[in-house]
Every structure is written in structure tokens, then in C-alpha cells.
Amino acid sequence: MMNTAAETCPLCEGSGWKSIPGPERRVTRCDCQLRARSDALLASAHIPKRYEHCELSSFTTDFPGADPKIALAQIAASRFVEEFDPRDGTGILLVGGIGTGKTHLAVGILKELIAQRGSHCHFSDYRELLKQIQNSYNDSVQATELEVLRPVFEAEVLVLDELGAVKPSEWVWDTVSLILNTRYNDKRATIITTNFPDEPAAAVSGSEAPRSNPAFAATRRETLGDRIGERMRSRLHEMCRIVRMEGPDFRQKFRSASFR
């Protein structure tokens with residue numbers, strides 16, 4: 001179908017190529033083609049509607065008055081985009097409490113990598129991913145486990161949101177190990193968010209004995225080591241830069257202020 005006059009790009013006149021100024025006649029992909037490719041990559045990245053608005057540039061706007069330590073994370077995220085090298089597979093681990101903007105930054109990074117580098121990206125919620133894998137074992141479900149995991153394995157850049165949010169079990173640990181080890185071995189970058197502090201499991205930190213004490217269990221906060229296992233926590237340190245986003249729950253703070 002031919003483009004109408006209103007749809008025809010003035011730079012390339014619908015050819016998809018534009019001339020490069022210089023003594024020799026050369027052409028390159030037109031901006032309209034690059035935008036179309038970015039739009040297609042963005043649509044295939046499966047970013048949830050709740051986070052479609054998230055941009056790196058809007059982080060401080062969407063989180064006004066955020067703790068300075070959290071605001072510094074925006075700088076770290078922008079630097080990650082600038083220095084991104086798909087050949088070494090280095091990712092980023094965003095660690096912080098609920099409501100500190102981790103998912104906002106993760107999506108912002110993903111969108112910048114699509115726009116600037118044309119990276120093939122995929123967003124996956126950790127809890128939903130595990131549910132989809134479990135559902136694939138049901139004979140009535142069409143998708144196989146491999147089909148569920150294929151985009152997770154093959155994405156040049158994967159956002160794995162809320163790692164550790166599911167209560168640990170041997171199956172959960174095996175699945176996390178499979179995902180992270182596959183991406184590590186294939187040198188594919190992974191952007192991870194977690195609400196759990198990047199600290200060792202209780203057994204490693206020497207606090208295993210008092211865990212049976214109800215008072216201890218009530219006061220001790222579970223760690224990333226508890227939720228995904230120490231081996232995988234160690235692997236994350238090989239795979240990712242660590243960015244800590246400690247501060248109050250901004251969403252709760254905003255809700256409280258709106259009712260005053």
C-alpha cells in the first residue's frame with residue numbers, strides 16, 4: 001500500500017533512506033525507519049501499562065523530594081546506559097525497599113537502550129514468570145516451559161522485576177539458577193530489581209541458630225541470600241553492578257500527603 005502524502009517522510013520521501021552530506025554520495029537509514037524500529041521493539045518488550053510512562057529523565061519529577069541516595073541512583077542508571085556494552089553482558093541490580101523507584105529506573109534503562117542502541121529487550125515480573133512456568137506443566141495449557149522461558153533466555157536485555165518475591169523452595173531456587181546461569185553463560189545483560197537487602201542468608205551470616213526464636217524471627221528482615229540462595233546471590237555479583245536505593249516508601253508518603 002502506498003503512503004499518502006501526509007504519511008510520507010519528507011527526509012526520505014518514503015524510501016527509508018536519507019542522503020549523508022559529503023563529497024561522495026552515501027545514504028543511511030532514515031530517522032523514520034529508526035523510530036519505527038524502536039516502536040516495534042518497545043511494543044515487543046512487554047512493559048506493563050502501569051510502567052509505560054517511566055523514563056530515566058522523569059525519575060526526579062515522578063519522585064519529588066526523594067531521598068538524595070535514591071536520586072543518585074538515576075545518575076548510576078544513566079551511566080549504565082552510556083557505558084552499555086552488549087558484548088560483556090554486564091547488568092545492573094537495583095536494591096531497595098518498596099516504593100523507592102526501582103522498577104521506574106529499570107524500565108527507564110530498558111527504554112533508553114531500545115531508543116539509543118536498538119536493543120532487543122524483555123520485561124518479566126518474577127512472580128508472574130514463575131506462575132507461567134508452573135502453568136506450563138498443566139496438560140490443558142498450550143505453552144510449554146521452553147516457550148515461556150525462550151524470551152527470558154534470548155532477550156539481549158532482560159528486566160527481571162522483584163527478584164525474591166516468591167517464597168523460596170527447591171523448585172524456585174532451581175528455576176532462578178537456570179535463568180541466571182543461562183543468561184550469565186550467554187553474556188546477556190540482566191536488569192534486576194529486588195526489595196530484599198543484598199546480604200547473606202542467615203546460615204552464612206552466623207544467625208541460623210536463633211532463627212527458631214520467635215522474637216528473632218519477628219525482628220530479622222529476610223535477605224536476598226535467604227530468598228534466592230547464596231550461590232545465586234554470588235552469581236549476581238558477577239553479573240551486575242549493584243545500585244542501592246535506600247529510603248522511605250515514596251508511594252506511601254505521597255498517599256499520606258494527598259489525604260491531608
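Each value in this text was obtained by applying a stated rule to the coordinates, not by laboratory testing. Because the structure is predicted, anything quoted here is derived from the model rather than measured. Positions of Cβ are backbone-derived with ideal geometry, glycine not excepted, and every protein chain shown enters the neighbour counts.
Find how much the distance from Ser177 to Arg87 grows on full extension, using 0.36 nm per residue of separation minus their present alpha carbon separation; answer in nm with one decimal.
30.2 nm
Set the Förster distance to 45 Å, then compute FRET efficiency between Gln134 and Glu246 from the Cβ-Cβ distance, nearest 0.05.
Rounded to the nearest 0.05, the efficiency is 0.85.
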Please list the radius of gyration and Dmax for the stretch 39-119, considering alpha-carbon atoms only, with Å as the unit.
12.6, 37
For labels at Ile75 and Glu7 in the simple 7 Å Cα→Cβ model, what's the distance in nm?
4.7
What does the highest-first list of 128-137, 72-81, 88-97 look like by mean Cβ count within 10 Å?
88-97, 72-81, 128-137
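With the cut-off at 27 Å, tell me which of the pairs Lys69/Lys167; Lys69/Lys131; Lys49/Lys187; Lys111/Lys167; Lys102/Lys187 have Cα atoms farther apart than that.
Over 27 Å Cα-Cα: Lys69/Lys167; Lys69/Lys131; Lys49/Lys187; Lys111/Lys167.
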Rounded to the nearest 0.05, what FRET efficiency do Ser169 and Arg50 have when you use their Cβ-Cβ distance and R0 = 35 Å?
0.80
